[in-house]
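Presented below is the structure to which this report refers.
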Amino acid sequence: MKKVNLLIVMLSVLSSCMKDEPFKTAYRGFEPSVMNDGWEISNPENENMDGSILDQAYMLVHSDDRYLMARSLLVFRNNKLVAEAYPYDAADIDAIQNIQSCTKSITSIMTGIAVHEGKIDSLTEKLFSIYPEYFDQDIHKRTISIEDALTMRTGLGFDNGTHTLELYKTNSSSIAYVLSLESVYPSGMIMKYKDGDPQLVSKAIEMKTGKKLSDYANEKLFSPLGITEWKWESAKDGTTFGAVSLFLKPRDFGKIGQLLLQNGKWDNISIIDSTYLSLATSIKVTADFNEAQYGYYFWILPAFEGYAAEGHGGQFLLVVPPKKLVVVYTAWPYTSGDFFDQASELMSIIINSCN
Amino acid sequence: MKTLNNFKSKSMKISLTFVDLFLLPEMAGASRVSRTIVSYNTKNLNMKRSIIILFLLLGANVFAQVPVNSLQRNSLQLIFGVNQLKEENLHAKVHSGLITGISYQHCLGSKNISDFDISIKWSRAKTAYEDLSATANAHLSGSYRYLFKIFNLSEISYVLGPQINMQYNVSVYPNWDESHLYWANHIDLGTDNILLYRLSESGILFFDLRFSIFSAFNQPEYNRMYKYDDSTFEGIVKNFHSDYEFGSVNKAFRLAIHMEYQFHLNPKCTQALCYSYDYLRIKGNENLPFQNNIHQVGFKIYFR
């Protein structure tokens, strides 16, 4: 008997292993919650949308492996929240999260606000004239304009794979670090997507407004929109990261989309320069991959008649002016490229749900 | 009764192992062939039990007082096995993969047993969603135990005592989080039980059960509101040694089961085939659980 007991114990130990649990919560529809955050709640039928098509999109993010790391999907139409779901954790409705490279689009918006306020006179102004102390002796770098940086055409040899981490780690000036990199192309010629250029824009806004980018955004963008919980990381020199690391709640991210849809106006007050916004959301350059179209830190999507902020993990903020549609999709922000989601598929389904 | 030196004499045909230390000094004179049953003093045993309970209640770390004529033994073990990680601060999927490592054990024994071991293990793992094992997990652990002989018969012996274990358990999951390091470091105080069966002249079965009672542990924040960890040496050291939480088995629990068959391929050397199961669960107040499950086999060589 003792031997049998011993055998049972040994087999129990030998067979012990851990089990997978589902990534996501069970799908319970997309009806928005009522919260006191300024959003009017509606439903697909009232906003002339096909709820069954919308349901396909929500089923995808809940059950399809291609959307493994999905955290939220929100659909706004006619300035109303029509649908929302948080497939990973219901608490994500009230949680700020890193929107990664969508941050670049917010930096672009802040440039538009600085233009609107007359802090930046011209996008053709050279960065060298704004902060000459960070430049080395390479005369090619001195020709870089704000617009060159807004369109990723500084020509600097910044590679996200290695230099983004260095940008975080450097104890000296983050601007001096970016500008210390070799000038690979003449400025204004070739678009190369990189995190270094928005850092230069961040510093330009800081120098022009006298406030670091995050503080300026809080005063001129977040506060007017009622966005109270946010975080924006800075480099060790205090310069706000222009490319990444803004943390927002999904519903607040939607407010920024709505501001864009309203041509920069919020409560009938103009916040962003409309001319700048028109330039920022129209094709300026063709990207160095997939022949994607790019404005001032916005991806231009002619097929959808819209534009988007896009970030790591497949996250996006889609704005489709003809449909009066805004879509927010957030995902776990730190996955590798292997787990990038299928943003365009999701966008297409939701746009098709609009009658 | 023969003395300890009898074991060191040239007439000894087999080398001494950790197991032999359990037998000293009472069993020092007892021939394994004759398998003489050695009686023990009941009163003395009760006193030992009281001391053990006191140590366990206080969670005390007991340091060995090694007699001058104590016997020292060392062993090296090569480890191979299967490692499972479930880091729910990332997601609730299990990362599985092979683990390999090496451990060194140093044992001092006379009346009681004082034992120290250190091990390092390395593993690559993946979930069912990944083609290649990108996840890496490393363990660096050390433990100390002080064991009292509870009973000691010719075929079976049982020892019990307090143990302290310290472990750095560090993982990277680059496919899931290419920006951050994950860790579940801990120091635990607990108890260790060892049961020995002498199967034959040269074969011995060894069962070891350790578990934690009190622990200090640290994990990274669940919501890391920053893109990158401080990856400098100073930053890593600081992260690994700050914001420790304290708790008992509801917050941090480690269970280690070790089975070993010792045998002699030649008179000068003792070897052992080993199987171990190691389970760790840690859950801080502001974190989701981390679990680590290891099944491993090993080959151990004892030497002086």
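Quick look at the values:
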| quantity | calculated |
| --- | --- |
| Boolean, residue A:355 is surrounded by fewer than 15 Cβ atoms within 10 Å (Cβ to Cβ) and in contact (Cβ under 8 Å) with a residue 24 or more places away in the chain | yes |
| Where a residue in segment A:221-235 is aromatic (Phe, Trp, Tyr) and its partner, wherever it lies, is exposed (fewer than 15 other Cβ atoms within 10 Å of the Cβ) and at pLDDT 95 or above, with Cβ under 9 Å and at least six apart | A:222/A:228 |
| Unique residue being within 14 Å of another protein chain (Cβ to nearest Cβ), surrounded by fewer than 17 Cβ atoms within 10 Å (Cβ to Cβ) and closer than 30 Å to residue A:100 by Cα when the list is B:132, B:205 | B:132 |
| Pair list, Cβ < 6 Å and 6+ apart or interchain, from segment A:184-212 residues that are open to solvent by 10 Å² or more (accessible area, probe 1.4 Å) and modelled with pLDDT of 95 or more to residues that are in a loop (DSSP other than H, G, I, E, B) and among the polar types (S, T, N, Q) | A:187/A:154; A:203/A:239 |
| Residue that is nearest to the chain's Cα centre (by Cα), among those in segment A:86-117 that are hydrophobic (A, V, I, L, M, F, W, C) and open to solvent by less than 10 Å² (accessible area, probe 1.4 Å) | A:102 |
| Checklist (1) surrounded by fewer than 17 Cβ atoms within 10 Å (Cβ to Cβ); (2) touching a residue at least 60 places away in the same chain (Cβ under 8 Å); (3) closer than 30 Å to residue A:24 by Cα; (4) out of contact with any Phe, Trp or Tyr (no Cβ under 8 Å at 6 or more places or on another chain) applied to residue B:84, failing item | (1) |
| Segment A:324-345: number of residues that are farther than 24 Å from residue A:245 by Cα and either within 14 Å of another protein chain (Cβ to nearest Cβ) or surrounded by fewer than 24 Cβ atoms within 10 Å (Cβ to Cβ) (or both) | 2 |
| Matching option when the condition is within 14 Å of chain B (Cβ to nearest Cβ) and among the charged types (D, E, K, R), among A:77, A:153, A:66, A:142 | A:66 |
| Residue check, residue B:116 in contact (Cβ under 8 Å) with a residue 40 or more places away in the chain and open to solvent by 10 Å² or more (accessible area, probe 1.4 Å) | no |
| Residue B:153 vs. criteria surrounded by fewer than 22 Cβ atoms within 10 Å (Cβ to Cβ) and free of Cβ contacts under 8 Å to residues at least 24 places away in the same chain | no |
| In segment A:228-244, the residues that are within 16 Å of the chain's Cα centre (by Cα) and away from every other protein chain (no Cβ under 11 Å) | A:240, A:242 |
| In segment B:214-228, the residues that are surrounded by 14 or more Cβ atoms within 10 Å (Cβ to Cβ), free of Cβ contacts under 8 Å to residues at least 40 places away in the same chain and facing chain A (nearest Cβ under 9 Å) | B:226 |
| Identity of the residue in segment B:171-198, in contact (Cβ under 8 Å) with a residue 60 or more places away in the chain and open to solvent by 20 Å² or more (accessible area, probe 1.4 Å), that ends up nearest to residue B:210 (Cα to Cα) | B:189 |
| Filter result for the condition that a residue is in contact with a strand residue (DSSP E or B) (Cβ under 7 Å, 6 or more places away or on another chain), within 14 Å of chain B (Cβ to nearest Cβ), modelled with pLDDT of 95 or more and open to solvent by less than 30 Å² (accessible area, probe 1.4 Å), over A:298, A:247 | A:247 |
| Unmet criterion (only one of (1) of a type in the set (A, V, I, L, M, F, W, C); (2) surrounded by 14 or more Cβ atoms within 10 Å (Cβ to Cβ); (3) over 30 Å from residue B:258 (Cβ atoms); (4) more than 23 Å from the chain's Cα centre (by Cα)) for residue A:18 | (3) |
| Identity of the residue in segment B:255-304, of a type outside the set (Phe, Trp, Tyr), in contact with a Cys (Cβ under 9 Å, 6 or more places away or on another chain) and away from chain A (no Cβ under 14 Å), that ends up most open to solvent (accessible area, probe 1.4 Å) | B:301 |
| Members of segment A:250-274 found to be closer than 17 Å to residue A:76 by Cα and part of a helix (DSSP H, G or I), listed by number | A:250, A:251, A:252, A:253, A:254, A:255, A:256, A:257, A:258, A:259, A:260, A:261 |
| Test: residue in segment A:333-351 that is acidic (Asp, Glu), under 12 Å from the mean Cα position of the chain (by Cα) and more than 13 Å from residue A:68 (Cα to Cα) | no |
| Residue that is assigned by TED's automatic domain parsing to the domain that holds residue B:193, closer than 30 Å to residue A:87 by Cβ and either free of Cβ contacts under 8 Å to residues at least 40 places away in the same chain or of a type in the set (Phe, Trp, Tyr) (or both), where the choices are B:133, B:141 | B:133 |
| Qualifying residue in segment B:165-173 (condition: more than 14 Å from chain A (Cβ to nearest Cβ) and more than 19 Å from residue B:292 (Cβ to Cβ)) | no |
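The values are calculated or read from the model by the stated rules, or taken from the named source; none is laboratory data. Because the structure is predicted, anything quoted here is derived from the model rather than measured. No Cβ is skipped: glycine too gets one built from the backbone with ideal geometry, and neighbour counts run over all protein chains shown. Surface areas here come from the heavy atoms of the whole protein model, side chains and all, with no ligands, DNA or RNA. Shrake-Rupley method; radii C 1.70, N 1.55, O 1.52, S 1.80 Å.
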